[in-house]
Amino acid sequence: MTTAIYPGSFDPVTVGHLDIIKRAAKLFDRVIVAVLVNMEKKPWFTIKERTDFLQKATEGMGNVEITSFDGLLVDFASQQGAQAIVKGLRAVSDFEYEFQMALTNRKLDDAIETVFLTSSAENMYLSSSIVKQVGLFGGDIAPFVPPCIKEDIMARCRQFPKRVMGAK
Ligand code: PNS
């Protein structure tokens, strides 16, 4: 049985992430989508909120599981008996960071391979930050997120006063 971990901040999950999950689910017997801590980011949503969003968005996908972990990715992967870490690559700008992480993870545990799936062309530009920025200023986030979580995200966007972003 092949198991892959798809790790990320997922703050929040976008249609771009969902596309990678669906495609990974065709390649591996079991895909574990794991919300992990990225020390460089300040998340808007709690880990519970992010896993709940992922749960809703992946409902009915038989071989996809959602969870969270607050340690090293390779430790989680080995704990789960995973052979691979799946990452989505959008553009050249992602490459340096992803390459650094893949090499670090291989140094930490060379039994686990990082597999990159290229983003679909229509999602090349998309990120969780874009979703938050569009939502914060009242734009329509419908093209960017799974429909089942759109309202929850907009509710959070409406809680932020505009001056948080430097507006007078
Ligand atoms: O969606 P992101 O923010 O690009 O995901 C990055 C994430 C969470 C996968 C990465 O920061 C991570 O693996 N965090 C767990 C700690 C870890 O193992 N770091 C890699 C070695 S430096």
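The values are calculated or read from the model by the stated rules, or taken from the named source; none is laboratory data. Keep in mind that what you see is a predicted model, and the values were worked out from it rather than measured. FYI the Cβ positions are ideal-geometry reconstructions off the backbone, even for glycines, and counts take in every protein chain you see. Ligands, DNA and RNA are stripped out before the accessible areas are found, and what is left, the full protein with its side chains, is counted by its heavy atoms. Shrake-Rupley method; radii C 1.70, N 1.55, O 1.52, S 1.80 Å.
Tell me which chymotrypsin sites (Phe, Trp or Tyr not before Pro) from the stretch 119-156 have a DSSP coil assignment and no more than 12 other beta carbons within 10 Å of their own. Kindly include the intermediate steps, with their values, before the conclusion.
On the way: sites: TYR125, PHE137, PHE144; in loops: TYR125, PHE137, PHE144.
Qualifying residues, ordered by number: TYR125, PHE137.
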Next item on the list: Return the aspartates and glutamates within reach of LYS56: Cα separation strictly under 16 angstrom, same-chain partners fewer than 8 residues apart disregarded; answer none if there are no such residues.
Entry: ASP11, ASP19, GLU65, GLU151, ASP152
Checklist line | Convex hull per residue volume in Å³, alpha carbons only, for the chain | finding: 116
Notebook entry, point to check: For the chain, modelled as a GNM with alpha-carbon contacts under 10 angstrom, which of ASN105, ASN38, ASN63 fluctuates the most?
Noted result: ASN38
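Among the trypsin sites (Lys or Arg not before Pro) within the stretch 23-108, which fall in a DSSP loop and have no more than 14 other Cβ atoms within 10 Å of their own Cβ? Write down the numbers at each step before the final one.
On the way: sites: ARG23, LYS26, ARG30, LYS41, LYS48, ARG50, LYS56, LYS87, ARG90, ARG106, LYS107; in loops: LYS41, ARG90.
Passing sites in the stretch 23-108 are LYS41.
Once Rh is set to the Kirkwood radius over Cα pairs, what Stokes-Einstein translational diffusion coefficient, in µm²/s, holds for the stretch 71-168 at a temperature of 25 °C and a viscosity of 0.890 mPa s? Walk me through the numbers on the way to the answer.
Working: Rh = 16.1 Å.
My calculation gives 152 µm²/s for D.
Return a whole-number percent for the relative contact order of the stretch 1-100, with Cα pairs under 8 Å and 6 or more residues apart as the contact set. Show your work: numbers first, answer last.
Values: 136 pairs, mean separation 37.4, N = 100.
Reported relative contact order: 37 percent.
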Checklist line | Label point distance in nm, THR104-GLU122, each placed 7 Å from Cα along Cα→Cβ | finding: 3.4
Next item on the list: Using only Cα atoms, tell me the angle between helix 92-108 and the longest principal axis of the chain; keep it within 0 to 90° and round to the nearest 10.
Entry: 40
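Share of Cα-Cα pairs in the stretch 11-51 beyond 14 Å, in percent? Numbers along the way, then the final one.
Numbers: 449 of 820 pairs.
Counting every Cα pair in the stretch 11-51, those more than 14 Å apart make up 55 percent.
Before anything else, pin down the relative contact order of the chain: Cα pairs under 8 Å, at least 6 apart, normalised by residue count, whole percent.
On the way: 238 pairs, mean separation 45.7, N = 168.
Relative contact order comes out at 27 percent.
Please give the calculated 222 nm ellipticity per residue for the chain, where each DSSP H segment of at least 4 residues contributes -39500 (n - 2.57) and the sum is spread over every residue; nearest 500 deg cm²/dmol?
Details: 6 runs with 67 residues, N = 168.
That calculation yields -12000 deg cm²/dmol at 222 nm.
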Check: Calculated FRET efficiency, LYS48 and SER78, Cβ-Cβ r, R0 22 Å, to nearest 0.05?
Finding: 0.35
Next item on the list: Can you pull the one-decimal nm distance between simple spin-label points at ASP94 and GLU40, each 7 Å off the Cα toward Cβ?
Entry: 1.4
Checklist line | Gaussian network model of the chain, Cα within-10 Å springs - most flexible of VAL31, VAL134, VAL13 | finding: VAL134
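At 1.4 Å probe size, with the rest of the protein present, what percent of the exposed accessible area of the stretch 77-145 is carbon and sulfur atoms? Before the final figure, lay out each step's value.
Working: 2230 of 3980 Å².
Whole-percent figure for carbon plus sulfur exposure: 56.
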Note to self: Over the chain, with a Gaussian network built from C-alpha contacts below 10 Å, which listed residue (PRO143, PRO12, PRO43) shows the highest mean-square fluctuation?
What the structure shows: PRO143
Margin query: Give me the 1.4 Å probe accessible area per residue for the stretch 3-160, excluding ligands and nucleic acids, in Å².
Written below: 53
Next item on the list: Please list the radius of gyration and Dmax for the stretch 67-126, considering alpha-carbon atoms only, with Å as the unit.
Entry: 12.6, 35
